[in-house]
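Colleague: Would you mind keeping the following structure in view while I ask a few things?
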Amino acid sequence: MVDAIAEEKEPRLSSDSLIRILEGDILDSKLKPGDRLDEQSLARRFEVSRTPVREALRHLASSGLVEIRKNQGAAVRRLTTTELIEMFQVMAEYEGLSARLSARRMSMAEIEEMRRHHTECTALAEGRDYEGFFAANNLFHEAIFLGSKNEFLHAEARKLRNRVNVYRRHITGPRLMHKSVEEHAGIVAAIEAGDEEGAHRLMREHVDLLAGSAADVVLALQAQNGEA
């Protein structure tokens, strides 16, 4: 009854808006794996009733970003080492296919856009600007997905990337920026040359190598959270 009255009085954010905000907080690491998501606290933060908060948490749980446990409430979902490695292996195949299709389908304007993001990544790596590099790196990969002109592939890859991005942020740390830029250069050259097989192989290897660091990242995140 109290919730119903609150809903009549307040110009609230919709559950869709709450989903976008909370999803953004998770993907930007403002909310980290294991962080509790208390309905009452979130309702106060957004000045809404608990109903749209509950709906938003259920949606995020269905997408794998949030875990809801009986009698324990909701929390940002932690991936196991095995899950993370498996996800990176699948992501490597998605990105490899996108690079193969881009080598066949990218327009000259799209190639220029890809080059621009690669140049930006290079400059940021040289300047040791890790946060800037992480953002530019995402745009580089996004440009290749767009160049593939396969909307289904792009949508499925985006969903998976959303689930691993907080871990990817830790994996692609400062030590790996220069290596990543070197690998990007090979991918760009293969796509420009229309080398479908080479683009596929180089991109798949580029992403699959991240899986080898997954166990270290999970352990580091557990240590940060004071877990045994």
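The values are calculated or read from the model by the stated rules, or taken from the named source; none is laboratory data. Nothing here was measured: the structure is a model prediction, and the numbers come from that model. Here the Cβ is made from the backbone with ideal geometry for all residues, glycine too, and neighbour counts use every protein chain on show. For accessibility, only protein heavy atoms count, side chains too; no ligands or nucleic acids. Shrake-Rupley method; radii C 1.70, N 1.55, O 1.52, S 1.80 Å.
Colleague: Just give me the residues in region 21-67 being open to solvent by 10 Å² or more (accessible area, probe 1.4 Å), among the small types (Gly, Ala, Ser) and under 24 Å from Leu160 (Cβ atoms), in sequence order.
Modeller: Within region 21-67, Gly24, Ser29, Gly34, Ala61, Ser62, Ser63, Gly64 meet the criteria.
Colleague: Check whether at least one residue in region 155-176 is farther than 25 Å from Arg78 by Cβ, within 18 Å of the chain's Cα centre (by Cα) and in contact (Cβ under 8 Å) with a residue 40 or more places away in the chain, and report yes or no.
Modeller: no
Colleague: Condition test on Leu153, is it within 16 Å of Ile191 (Cα to Cα), surrounded by 15 or more Cβ atoms within 10 Å (Cβ to Cβ) and at pLDDT 95 or above? Spell out how you get there, then give the answer.
Modeller: Working: within 16 Å of Ile191 (Cα to Cα): no; surrounded by 15 or more Cβ atoms within 10 Å (Cβ to Cβ): yes; at pLDDT 95 or above: yes.
Judged against the criteria, Leu153 is not a match.
Colleague: Does any residue of region 89-110 turn out to be under 21 Å from Gly24 (Cβ atoms) and surrounded by 17 or more Cβ atoms within 10 Å (Cβ to Cβ)? Don't jump to the end; show me each part of the working.
Modeller: Just the residues of region 89-110 that are under 21 Å from Gly24 (Cβ atoms), to begin with: 91.
So of that shortlist, the ones also surrounded by 17 or more Cβ atoms within 10 Å (Cβ to Cβ) come out as 91.
So far as region 89-110 goes, yes, one or more of its residues are under 21 Å from Gly24 (Cβ atoms) and surrounded by 17 or more Cβ atoms within 10 Å (Cβ to Cβ).
Colleague: Now, a different point. Residue pairs, Cβ under 7 Å, 6 or more apart or interchain, first in region 74-90 and within 12 Å of Asn165 (Cα to Cα), second open to solvent by 50 Å² or more (accessible area, probe 1.4 Å). List them.
Modeller: Final answer for the pair search is Met87/Arg163; Phe88/Asp208.
Colleague: Identify, please: which residue in region 127-137 is part of a helix (DSSP H, G or I) and touching a residue at least 24 places away in the same chain (Cβ under 8 Å) and is, among those, nearest to Met203 (Cα to Cα)? Spell out how you get there, then give the answer.
Modeller: In the first step, residues of region 127-137 are kept if they are part of a helix (DSSP H, G or I); the result is 130-137.
Now restrict to residues that are touching a residue at least 24 places away in the same chain (Cβ under 8 Å): 130, 133-134, 137.
Values: Tyr130: 21, Phe133: 18, Phe134: 17, Asn137: 13 Å.
Within region 127-137, the match that is nearest to Met203 (Cα to Cα) is Asn137.
Colleague: Would you mind telling me which numbered condition in (1) open to solvent by less than 50 Å² (accessible area, probe 1.4 Å); (2) modelled with pLDDT under 90 Lys70 fails?
Modeller: Among (1) open to solvent by less than 50 Å² (accessible area, probe 1.4 Å); (2) modelled with pLDDT under 90, the lone unmet condition for Lys70 is (1).
Colleague: While we're looking at this one, here's another question. Check Leu84, Leu18 and return the single one that is modelled with pLDDT of 85 or more and crowded, with 18+ Cβ neighbours inside 10 Å. Before you say what the answer is, go through the steps one by one.
Modeller: Numbers: Leu84 fails: modelled with pLDDT of 85 or more.
Of Leu84, Leu18, the one residue that is modelled with pLDDT of 85 or more and crowded, with 18+ Cβ neighbours inside 10 Å is Leu18.
Colleague: Residues that are under 21 Å from the mean Cα position of the chain (by Cα), among the acidic types (Asp, Glu) and buried (at least 21 other Cβ atoms within 10 Å of the Cβ): does region 180-188 have at least one?
Modeller: The initial filter retains those residues of region 180-188 that are under 21 Å from the mean Cα position of the chain (by Cα), namely 180-181, 183-184, 187.
Going one step further and asking which of them are among the acidic types (Asp, Glu), we end up with 183.
Next, from what is left, pick out any that are buried (at least 21 other Cβ atoms within 10 Å of the Cβ): none.
So far as region 180-188 goes, no, none of its residues is under 21 Å from the mean Cα position of the chain (by Cα), among the acidic types (Asp, Glu) and buried (at least 21 other Cβ atoms within 10 Å of the Cβ).
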